[in-house]
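First comes the structure, then the notes that go with it.
The values are calculated or read from the model by the stated rules, or taken from the named source; none is laboratory data. Here the structure is a predicted model, which is why all the values come from computation and not from measurement. Every residue, glycine among them, receives a Cβ derived from its backbone with ideal geometry; neighbour counts consider all protein chains shown.
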Amino acid sequence: MDRVDRCIVLVDAGYLLGAAASLLAGEPSRSRITVDHAALIQGLRERAEFDTERPLLRIYWFDGAPDRVPQPEHRRLRVMPRVTVRLGALTRSDGRWAQKGVDAAMHAELTELARNRACSDVVLVTGDGDLLPGMMAAKEHGVAVHLWAVQAADGDYNQSEDLVAEADERRVLDRAWITKAVRAKEVGGVCAPQPVPRPEIAAILSAPLPESSLAGAAERTAEEPEHRSAADAQNGAQERVSAPKGVPTPKDLAALRAPGTQSPQHPASATLRWSSDKGWVDRPGAAAESADAASLPTLAQLTSAEQRWADREEDITTVGGDPYEVGQVFARRWMERLTDQTHLQKLSAMYPRVPHRVDGELLRYAARFGLLAHKDDQIDEHDRYAIRAGFWREIDVRTAAEHAPAGD
């Protein structure tokens, strides 16, 4: 069988992204960087075809995942053209994550491709010396091996010296190349640039908080008027998102129910709906509202098997996973599949509270996009409010369109 003149790229994602984080953010934690995977894959393809002077057959992306379950980035990668994802295990030991089985999988793939004469050139993006036997076996089968390194933060090697010595060709992916697809997050874990403030989030966060029970309350500014302008609402969203200590806890609520703790701003009849909104809301018709909420169908009840399959394809290929966007997508599907439009009217009347059954389903859907905070498997508090704000924004757009005068 004749050897095919084409190239293949094998990427150790742990090495590539960890080294990129060290270079750009000063530490190898992948949580310190944000990655444009489409741009990264395109960059790898163009660089491989240029360096090897061969057309690309395929890029193999090797990474670890808890229980080998594909994460959102893996689901997006594996539907890209010419990309195959191979997953090893990701285990936690002594407070640190470690990959298991990735090197063995790369070794097996490399030797099998060389033995089957599937390509003339292989590009390895890795630094682990455990891949040395596989590299040597590929060379014995007549494959040219190109070894790529990520520029080291300290200017030294971040690859096995034996691996470097055995490679046929060597290249360094420098800072300029890396930053075309990878950037460091700002201190505090927020990606630059900052997102534009959304009035919808401010509307959910605008209710005053109980001063007597929250740490740091004395440092906050005077309470804002209940009816604020849109510009003030935007500013309020920025201030509250940057001050997570303002979120009341169940312990705070228990304290506020104690005798003598109610204030004129927070009467005993007011209730804080902890599961769905932040703020004091006077709901005199609670029993009737509860019945309406219980009558609302869930998205699962409205979705057929065919729609479920189409939803999954859309989630993998087009939904980016931004919390606000996730809320919008969920709301759009829910509204489009309603057979009784009175349900939409009932829901709109409950703003800003998302009924418990719908809210729980919304947050479970959001968890599929990697929005867990990696501590106690909970979605970050501000992500939850952004998810719900996106949900309500989509509801508002639909209801406003339905009530707009003809010709608008």
Name the single residue that is surrounded by the fewest Cβ atoms within 10 Å (Cβ to Cβ) among those in the stretch 14-33 being of a type in the set (A, V, I, L, M, F, W, C) and over 18 Å from the mean Cα position of the chain (by Cα).
L24
Quick one: is L371 under 25 Å from the mean Cα position of the chain (by Cα), modelled with pLDDT under 75 and either loosely packed, with under 15 Cβ neighbours inside 10 Å or among the hydrophobic types (A, V, I, L, M, F, W, C) (or both)?
yes
Consider V164 carefully, then state whether it is in the same structural domain as A25 (by TED's automatic domain parsing), assigned to a helix (DSSP H, G or I) and touching a strand residue (DSSP E or B) at 6+ places or on another chain (Cβ under 7 Å).
yes
Need pairs with beta-carbon distance below 6 Å; first residue on the phi < 0 side of the Ramachandran plot and modelled with pLDDT under 85 and within the stretch 289-313, second in a helix (DSSP H, G or I) and charged (D, E, K, R); sequence gap 6+ or separate chains.
D292/K346
Inspect all residues belonging to the stretch 59-80 and state whether any of them is over 18 Å from the mean Cα position of the chain (by Cα), assigned by TED's automatic domain parsing to the domain that holds H141 and acidic (D, E).
yes
Which of the following residues is closer than 21 Å to D51 by Cβ and either part of a helix (DSSP H, G or I) or out of contact with any Phe, Trp or Tyr (no Cβ under 6 Å at 6 or more places or on another chain) (or both): A118, A89?
A118
Would you be able to say whether some residue in the stretch 65-79 is assigned to a strand (DSSP E or B) and at pLDDT below 90?
yes
Restricting the stretch 294-328 to residues that are polar (S, T, N, Q) and in a helix (DSSP H, G or I), the residue that is surrounded by the most Cβ atoms within 10 Å (Cβ to Cβ):
Q328
Scanning the stretch 330-356 for residues that are in contact (Cβ under 8 Å) with a residue 40 or more places away in the chain and under 30 Å from E73 (Cβ atoms), the one nearest to the chain's Cα centre (by Cα) turns out to be F330
It is to be established whether one or more residues within the stretch 125-132 are among the small types (G, A, S) and either touching a strand residue (DSSP E or B) at 6+ places or on another chain (Cβ under 8 Å) or at pLDDT below 50 (or both).
yes
Here are some conditions: (1) within 19 Å of Q151 (Cα to Cα); (2) touching an Asp or Glu at 6+ places or on another chain (Cβ under 7 Å). L17 meets all but one. Which one does it not meet?
(2)
Selection within the stretch 84-139 - of a type in the set (V, I, T), surrounded by fewer than 17 Cβ atoms within 10 Å (Cβ to Cβ) and under 18 Å from R30 (Cβ atoms)
T91
